[in-house]
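Some notes on the structure that comes next.
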Amino acid sequence: MAEDIQNLLILQQLLIVQQQLQQQAYNEAAAVNIIRRRRRRRARQRRCWVRSFLGDVRSSQFGHFNRLMPELRHEDPASFHNFLRIPPDMFDELLTRLNPRITKQDTNYRKAIDPGLKLAATLRHLASGDTYASVKFDFRIPSNTLSLVVKEVCQAIVDEYKNEVIKFPTTPAEWAAVAEQFERRWNVPHGCGAFDGKHVAIRKPANSGSLYHNHQGFFLIVLMGLVDADYNFLWIDVGGDGYMTDAMIFNESELKECLADGSIGFPQPSPLPNDDRNMPYFILADDAFGLHTNLMKPYPQRNLTKEHRICNYRISRGRRIMENGFGILAQRWQVLLGTMQQEPDTARLIVEACVCLHNLMRMRYPTLQNAALDYEDGYHDMVPGAWRQHANMHDVDQAKGPNRDSTAAKKQRECLKLYFNSAAGSVHYKTEVTEVTEVTEDTVTWQDRMI
């Protein structure tokens, strides 16, 4: 019996050794095959270092930067503006400010690309959304070089201008100035901006799984923003991934953290105009976010009385600036409307650069795009702006779940409703647009359609 067991153990050891030898032989054969294939493979011969029509000589002779842009600058500045989405003076300012950041040294092998050419090619890509393969024929720059140039110029724009043009208020005096402008233009006292988010479609990143995937079937990153009364972005967040809802991104953002711990710097609660009850300062948002004392949103579209509709009208009138801000941003920089082919980090950098350029243009030329914005007719009904007639950015998904609105916030919204319907806070036209005897397609006013 003992001898049989010993024989079985010996046989088992022999089988293990045999398997190891077979695996070793297989690995050696595979290695030999790889070596043979590498030896047979011939190195691809490069036909040319740079294609002849992309060389320095022809680029300086026939490229848009040296031929078309000088003609437009001197003969038709409006077409120059249409080509790059900025006037010639703004292009000169950008080039002067960015020149130290994007200038490279010449080498013995080739000359460095002109900084003006880099800036022009980048702005054209942002303005039109054309691919690198298309832009290379306009500016005579190879596609692989363009991918580096666009990233370099966008990084320079963000580094040079972000702290200057995206000014997030930090003191009560600065927030009071934002609220005063909000009240003067949109009749919403104590409003400190409008908040929302939009999708930016991107190509599927490699090995990303469902991280950037949206249920609508495409891959994206999310741009969240806070806009003041003049369509300037006060704060942005482009770190959201496609699977996240806007409430998820907001709850993880530094803006929510500052609102929660009070470090945002809002002024102390004070009475509304012609009133004696203290009211906290707040931002305006839509129904995707929870109602808090520092975040107000309209009433749900259920069983609305006349007083509720008036309150919704006033809140939605202020919140509409967020939609217009995103609208004119995307219509100027149409790279945001298509599917961006860059990696997520580069796409986020491009979005951030577009916002910086948007705010810069609003500062230098504040009335330039006002004709494309929504406006109100003589009856104070909203007339859609020109930006709504074209493709627009997609809204961020709204999470469907239990209502987590705080009791204090509900009481505050009730106080706002009473104020907006009182003689102290009413607006002379708001009663006219809400007193509708029969609701038809022709009589429903804009505030009834927005929510």
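The values are calculated or read from the model by the stated rules, or taken from the named source; none is laboratory data. Bear in mind that the values here come from a model prediction, so they are computed numbers and not experimental data. When we count neighbours, we look across all protein chains shown, and the Cβ atoms used for this are built from the backbone with ideal geometry, even at glycine.
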Of everything in region 230-264 that's among the β-branched types (Val, Ile, Thr) and under 14 Å from the mean Cα position of the chain (by Cα), which residue is nearest to Lys204 (Cα to Cα)? Val238
Check region 200-222 and report whether any residue there is within 26 Å of Glu174 (Cβ to Cβ) and assigned by TED's automatic domain parsing to the domain that holds Asn421. no
Scan region 59-78 and tell me whether some residue there is modelled with pLDDT under 95, touching a helix residue (DSSP H, G or I) at 6+ places or on another chain (Cβ under 7 Å) and within 20 Å of Gln331 (Cα to Cα). yes
Output the residues belonging to region 259-270 that are buried (at least 16 other Cβ atoms within 10 Å of the Cβ) and within 11 Å of Asn294 (Cα to Cα). Leu259, Ile264, Phe266
Residues being within 19 Å of Leu329 (Cα to Cα) and part of a loop (DSSP other than H, G, I, E, B) - total across region 232-247: 1
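Assess whether Glu164 counts as being at pLDDT 90 or above and either among the basic types (Lys, Arg) or surrounded by fewer than 16 Cβ atoms within 10 Å (Cβ to Cβ) (or both).
yes
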Suppose we keep only residues that are aliphatic (A, V, I, L, M) and in a loop (DSSP other than H, G, I, E, B) within region 202-217. Which one would you say is nearest to the chain's Cα centre (by Cα)? Leu211
Verdict on Met224 being at pLDDT below 90 and outside any helix (DSSP H, G or I): no
Can you list residue pairs whose Cβ atoms sit under 6 Å apart, with the first residue in region 232-260 being on the phi < 0 side of the Ramachandran plot and without any contact (Cβ under 8 Å) to a residue 12 or more places away in the chain and the second being part of a helix (DSSP H, G or I) and crowded, with 18+ Cβ neighbours inside 10 Å? Count only pairs 6 or more apart in sequence or on different chains. Lys256/Phe250
